[in-house]
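The numbers here are math on the coordinates, done by the rules we state, and not lab data. These numbers were taken from a predicted model, which means no experiment stands behind them. Glycine also receives a Cβ, built like all others from the backbone with ideal geometry; neighbour counts cover every protein chain displayed.
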Amino acid sequence: MEQLHQGDIIVIERIKHPVLVVSKDFFNVCDEIIGCPIIKNSTSGPLHIWVSGNQTEGHVHCEKLKLLDLSVRGYKKIDCLPISEMINISDAIQSIFEYI
């Protein structure tokens, strides 16, 4: 299987929306990733961040983190986000778990 990187956007069998890989590269080596869906027809908010790649656009739903085992589903990489957009998304995800 292809090594996925943080910021890659993939489509996964039996999942309706594209998924943004938010887990770091060292985590992704075991065919599992943590991802968030990218939903085209959604509203903006603190945890719904608009992204626009070469082939994908929509709101990343940062609160819908999922652990996905890619060894049991087919997937295909379709796009990648720049680091500047990943920083905003990472900050939003981290804010879910901060104290006070």
Whole angstrom only: what separates the Cα centroid of the range 1-45 from the Cα centroid of the range 52-100?
6 Å
The range 8-97, relative contact order in percent, only Cα pairs under 8 angstrom and at least six apart counted
32 percent
What is the local net charge at residue 86, summed over the other residues whose Cβ is closer than 13 Å to its Cβ (Lys, Arg +1; Asp, Glu -1)?
-4
By the mean-Cβ-within-10 Å protection proxy, highest first, 39-50, 13-24 rank as 13-24, 39-50
For the chain, find the longest principal axis of its Cα atoms and tell me its angle to the long axis of helix 83-97, 0 to 90°, nearest 10.
70 degrees
What does the C-alpha gyration tensor say about the overall shape of the range 2-88? Classify as rounded when a/c is under 1.5, otherwise prolate if a/b is larger than b/c, or oblate.
prolate
Once the in-chain neighbours fewer than 8 apart are removed, the aspartates and glutamates whose Cα is under 20 Å from residue 40 read 8, 13, 57, 63, 79, 85
Per DSSP H run of n ≥ 4, the term is -39500 (n - 2.57); total these for the chain, divide by its residue number, and report the mean residue ellipticity at 222 nm rounded to 500 deg cm²/dmol.
-5500 deg cm²/dmol
Taking +1 at the Cβ of each Lys and Arg and -1 at the Cβ of each Asp and Glu, which of 41, 51, 27 sits farthest along the dipole of the range 12-63 towards its positive end, judged by Cα position relative to the Cα centre?
41
Point-charge dipole on Cβ atoms (K/R +1, D/E -1) for the chain, about Cα centre, debye to 20:
340 debye
Cβ-derived FRET efficiency at R0 25 Å, residue 57 paired with residue 25, nearest 0.05
0.55
